[in-house]
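Take a look at the structure below.
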Amino acid sequence: MNYYNEIKKNLIKCEIYDKSKDFSKNKNRVITYFENGKLLNKAGKEYGKNVIKQYSEKLMIEVGKKYNERTLYRMRKFYEVFSNEKLTPLVSKLSWSHYIQLLSLKSVDEIIYYINVTLNNNLNKRELQERINNQEYDRLNDETKIKLIESEELKVNDLVPNPIIIKSNLLKEDLTEYALKQAILNNLDEFLLQLGNGFTYVGNEYKIKLDDRYNYIDLLLYNIKYKCYVVVELKITELKKEHTGQVMTYMNYIDKNIKTIEENKTVGIIICKKDNMYVIEFCSDDRIIAREYKLV
């Protein structure tokens, strides 16, 4: 087989197709690059490691300058990674610029996670890269990773990473709960995306009346996917047992006074400076989770 001619023919077809206004042209490019990656892989085995350099020199002249060594290496890497039986069905789900961001990842399960995150949240290339740079997958607990691998049903709090990254220019010694909340509100969309799929904002300092006194929930969210309210409390100290009691009180209030019969029970998230595994372990309600924050 003349591998070079096959690769060249595929790329020329791809370039012609790209000039059309067909919305599927991105998918066509990805499939073409995957097929060419396979050809480059075979050609390398037959003709040696310099074949990519040789092919790129000719392709840049005969097809286009963008088909340099780096691009061809990426095509081959794309094939090598996505020829895995778990990944092959996902080859045409994203754009080529998305796949470039995924090629540096080592784990198949991690790649699948980021593909699903991109699809569920309609992430662009930059947003996906930011998720990867923030090591979102690594910040999931082991139990959640097992559920993802085995395709088990997830709870609303399973995909909330630990720690939660919060952008703020404040020095740690100047941080107050109010300042932490303002930092979240200043980057609210990013904060909601980081929590997982389906989170929406209801309000901050959400006022509720307990007996004859008013109390204020730091953040009240709603998860559309799981049809439940989410109480978020912010603490700039280590997690304490009274924090879980406070959140549980707020959750019970929302369940009794706001949620409807069709909706699921309220979930609580405590975002704190330092987690205390024993407090959560002995908490009587598994709908409450604690996550540390990290200022960047």
| field | Restricting the stretch 54-78 to residues that are touching a helix residue (DSSP H, G or I) at 6+ places or on another chain (Cβ under 6 Å) and assigned to a loop (DSSP other than H, G, I, E, B), the residue that is surrounded by the most Cβ atoms within 10 Å (Cβ to Cβ) | value | TYR67
| remark: For the stretch 151-210, the count of residues that are of a type outside the set (S, T, N, Q) and within 18 Å of GLY268 (Cβ to Cβ) equals 27
| When you scan the stretch 131-163, how many residues do you find that are among the basic types (Lys, Arg) and open to solvent by 90 Å² or more (accessible area, probe 1.4 Å)? | 1
| request: Out of LEU90, LEU94, LEU105, report the one residue that is of a type in the set (A, V, I, L, M, F, W, C) and open to solvent by less than 20 Å² (accessible area, probe 1.4 Å). | output: LEU94
| request: Identify all residues within the stretch 64-76 that are of a type outside the set (Phe, Trp, Tyr) and either at pLDDT 95 or above or in contact with a Phe, Trp or Tyr (Cβ under 6 Å, 6 or more places away or on another chain) (or both); write none if there are none. | output: ASN68, GLU69, ARG70, THR71, LEU72, ARG74, MET75, ARG76
| request: For residues that are open to solvent by 20 Å² or more (accessible area, probe 1.4 Å) and in contact (Cβ under 8 Å) with a residue 40 or more places away in the chain, scanning just the stretch 176-195, find the one that is nearest to LEU159 (Cα to Cα). | output: LEU193
| task | Can you tell me which residue within the stretch 171-203, out of those that are closer than 18 Å to ILE236 by Cβ and β-branched (Val, Ile, Thr), is modelled with the highest pLDDT? | result | ILE184
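The values are calculated or read from the model by the stated rules, or taken from the named source; none is laboratory data. On a predicted model such as this, the values are computed, not experimentally measured, just so you know. Cβ sites come from the backbone with ideal geometry, for glycine too, and all protein chains shown count toward neighbours. For accessibility, only protein heavy atoms count, side chains too; no ligands or nucleic acids. Shrake-Rupley method; radii C 1.70, N 1.55, O 1.52, S 1.80 Å.
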